[in-house]
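The structure under discussion appears below in the form of structure tokens.
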Amino acid sequence: MFEGPFSESIIKRALEKGLIDIHLHNIRDWAPGKHAVTDDTPYGGGGGMVMKAEPIFLAVEAVLGLSPITAEEPRRETPCPIILLTPQGRPFTQRVAEELVEHERFALLCGRYEGVDERVREHLVTDQISLGDYVLSGGELAAMIVVDAVTRLLPGALGDPTGASDDSHSTGLLEYPHYTRPPQFRGWPIPEILVSGHHGKIEAWRREQALLRTLAHRPDLLASAALTEKERRWLAEQAEQNRDG
Ligand code: ADE
């Protein structure tokens, strides 16, 4: 599953440049017995299968070099965050990506089936992250998305030296619109201002567009965005005009 996303584009280049290192481990390799069983039916009944605690504990302990975690010897300091991908986790946002990029390394644990044995949550992981309010078939896609969002924050990962600083969400707002050649496409022109050569005005237009776009599509973001008083007043006027119009 990981091969495609990790062998293309920004992640591929980051791996080649040695900016990141990714190690994949199959939990099944730590499942005891000939059949390497990683799941079982839930206590208490109900549908679906549950991932067993033992292979997960063994895998994480082996990979991170931890001594066995038990009720008598609970997990102490971990060498890095151990993050379970689950729809029950805290929402993954640009802020969380910015938090993770500060760590030398982190471990992403991908659940499958109906879920994982609760003792993994209680006694093994240090954090739980959700991609959003929907259910995926497993944590793998979520893990790849986390790796992608974090990798592009590393200095040198993007071709553009300004990096990810203008991206949607890094400023707390949605990004302004982009245009490239041709200036006329099927009768639709680009905004005149972008070819005016007036950098100050272009910056001001972009900021205004980012604000309007955020107001239109994600007004919830405005409450915590870094806005000036003037911008807040202007947005309130725009919102009012939208209501009246
Ligand atoms: N695994 C299944 N659904 C998920 C979600 N929404 N986020 C993270 N991991 C998941």
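The values are calculated or read from the model by the stated rules, or taken from the named source; none is laboratory data. Model, not experiment: these values are computed from the prediction. Cβ coordinates were reconstructed from backbone atoms using ideal geometry, including for glycine residues, and neighbour counts include every protein chain displayed.
Summary table below
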quantity	calculated
Residue selected from the stretch 72-95 under the condition within 12 Å of the ligand (Cβ to nearest atom) and surrounded by fewer than 18 Cβ atoms within 10 Å (Cβ to Cβ), by the criterion nearest to ALA149 (Cα to Cα)	PRO91
Count of residues meeting criterion [small (Gly, Ala, Ser) and free of Cβ contacts under 8 Å to residues at least 40 places away in the same chain] in the stretch 147-167	4
Conditions (1) touching a Leu at 6+ places or on another chain (Cβ under 9 Å); (2) within 22 Å of ASP21 (Cα to Cα); (3) within 16 Å of the ligand (Cβ to nearest atom); number of the one not met by ASP148	(1)
Where a residue in the stretch 114-141 is over 17 Å from PRO81 (Cα atoms) and in the same structural domain as ARG75 (by TED's automatic domain parsing) and its partner, wherever it lies, is part of a strand (DSSP E or B) and within 7 Å of the ligand (Cβ to nearest atom), with Cβ under 7 Å and at least six apart	VAL135/PRO87
Set LEU109, LEU100: member being in contact with a helix residue (DSSP H, G or I) (Cβ under 8 Å, 6 or more places away or on another chain) and either modelled with pLDDT under 95 or farther than 25 Å from GLY48 by Cβ (or both)	LEU100
Neighbours by Cβ (under 6 Å, 6+ apart or cross-chain): first from the stretch 52-63, modelled with pLDDT under 95; second of a type in the set (Phe, Trp, Tyr) and crowded, with 19+ Cβ neighbours inside 10 Å	none
